[in-house]
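One structure is given below, encoded as structure tokens.
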Protein chains: 2
Amino acid sequence: MSLSGHSPPGELESEPADARPPRRGRPPKAEGGSAGDTAILDAAEALFAEHGFDGVTLRQVSKRAGVDTALVHYYFSSKRGLFDAVFLRRAAILNEERLRALDAYERAQGARMTVRGLMEAFLRPVLEPSTHTGPGWRSYFALVAQVNNTPVWGGETMTRYFDPVIHRLIDLLRRVLPEAPEAELYWAYHMVSGALTLTMGQTGRLDLLSGGLCASSDLSTAADRMVAFATAGFEALRPGTSTSA
Amino acid sequence: MSLSGHSPPGELESEPADARPPRRGRPPKAEGGSAGDTAILDAAEALFAEHGFDGVTLRQVSKRAGVDTALVHYYFSSKRGLFDAVFLRRAAILNEERLRALDAYERAQGARMTVRGLMEAFLRPVLEPSTHTGPGWRSYFALVAQVNNTPVWGGETMTRYFDPVIHRLIDLLRRVLPEAPEAELYWAYHMVSGALTLTMGQTGRLDLLSGGLCASSDLSTAADRMVAFATAGFEALRPGTSTSA
DNA sequence: GTCTATAAGATGATAGAC
DNA sequence: GTCTATCATCTTATAGAC
């Protein structure tokens, strides 16, 4: 995995973020630039998620974090450096969880793995309400949704941060669907990726479209529907399936 | 349909956009603000698609269009007005085509409609290379992908411009899948929407992920995979389907 | 580590000449 | 319709005091 060192998952969720707690431990500057002041990261995460990279000013970030603008530069060197730090922080956690879930599933089932089981292992860690509830994760998911749909640098960013786990997933899918052409596995994952990020983004569109019948924020239902949809999509790759004809 | 009047499809594709042709016809100001100088719209479309709303300055737009900055305000009043005009222009065309395709399919098949047929009617007009090739449409699709994944105002914008056709689609799907719960139809469409916009966005991510095996720009294959995937997703809503268990 | 002050330039929008 | 000129404000980033 090409991802550089990440901070331990436990200490991360300092969500209220209004009163900055007296930070302890080693100074962040010593660690190559990936770590930094949590309050700034939290503020930037929320703002980037809502307005995108260019829609946010460092003044807004520093004001929300309760620090001075110059401090942002001290920690993250540039606006882009701040963005990368925000993006990496939870990506590292997410990747570790998904990798662990896929490994555990493979070890438990071996040759008895199914498409559905793989989708559960891949999707549940992201969408399960119990694990990633909270405004910080919600903001982060909204951010990923935007980046995934941003031309050129968005695609490159997603590749840089998330590819290892996805290749692991596709390797396992290949074993479950040995008849499926390689390219179609990638295309199918691509569809799943679009559906997943839009769902994670919680843009409110589904709520408006359904006249309130469905709620974007209902992650429990979202997870169920996501697994069902993704499973159906991959299963359709089996030769002889009616939908693939 | 709540969309206000749109310009005729024929004259739209003035793609080269380097030398601005001497425009003829009635002055655009007289038409409520939705019409305007095509060169400005083309330039703004390309730039908004690549950098998002906040990533573009009116100076960049006017420079690319070969006109003065003040002229943008003359035609479109504000940056937001320009964006809305860009977004509406091709949305109106797209809606008309999709509505026509759905109507034709319903009239031709009646009670013999299928999920696959509906997906073809809904998706082909968008993805078929022959109809919407060209840098203008490509930019527009990339723009839609970003808007669809933008929180709050993105969802509202998509709703405002595209909902009528989508409700028409869901009405027809309801007749083909009468056993499917209403909410699940919306959720399934939501998944299709995410997959479709990411595909239309052509971010280059699929190319990177697959190591060049798949090409985002291969819209012909994209259309086939998209139809197959969406069909499988909706078919899974039938009670008793293995993937829905 | 955190702040003040400020550089150096870009931004959306407008007034008014032609 | 199209341009020049300009306003008032905001932008990222840096230098340097404490």
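Where a ≥ b ≥ c are the square roots of the eigenvalues of the C-alpha gyration tensor, would you call region A:80-171 rounded, which needs a/c under 1.5, or, failing that, prolate if a/b is larger than b/c, or oblate?
The shape class here is prolate.
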- At 10 °C in a medium of viscosity 1.306 mPa s, region A:34-138 has a Stokes-Einstein diffusion coefficient, with Rh taken as the Kirkwood radius over alpha carbon pairs, in µm² per second, of 102 µm²/s
- Item | Inter-label distance, nm, simple model (7 Å from Cα along the C-beta direction), B:Y74/A:R100 | 6.3 nm
- Message: Need one number: the % of Cα-Cα pairs in region A:89-238 sitting beyond the 28 Å mark.
- Response: 17 percent
- Query: Copy-to-copy spacing for A:S130, label 7 Å out on the Cα-to-C-beta vector, in nm, shortest first?
  - Reply: 5.4
- Which ordering of B:K63, A:K79 is given by a fewest-first count of other beta-carbon atoms within 10 Å? B:K63, A:K79
- Average other protein chain Cβ within 10 Å of Cβ, residues B:219-232: 6
- What is the fewest-to-most order of B:I93, A:I40 by other Cβ atoms lying within 10 Å of their Cβ? B:I93, A:I40
- Query: Counting partner chain Cβ atoms within 10 Å of every residue's Cβ in B:151-164, what's the average?
  - Reply: 5
- Task: Along Cα-to-Cβ, 7 Å out, sits the label point; list in nm, shortest first, how far the one on B:S217 is from those in the other copies.
- Result: 4.3
- The aspartates and glutamates whose Cα lies under 13 Å from the Cα of A:K63, excluding any fewer than 8 residues away in the same chain, are A:D18, A:D42
- Unit charges at the beta carbon, dipole of region A:123-217: most positive-side option, A:I166, A:W153, A:H132: A:H132
- Task: Could you give the size of the charge dipole of region B:90-239 about its Cα centre, using +1 on the Cβ of each K and R and -1 on the Cβ of each D and E, expressed in debye and rounded to the nearest 20?
- Result: 140 debye
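Since every read-out is calculated from the coordinates, none of them should be taken as a lab result. Since the model is a prediction, treat every value here as computed from it, not as a measurement. Cβ coordinates were reconstructed from backbone atoms using ideal geometry, including for glycine residues, and neighbour counts include every protein chain displayed.
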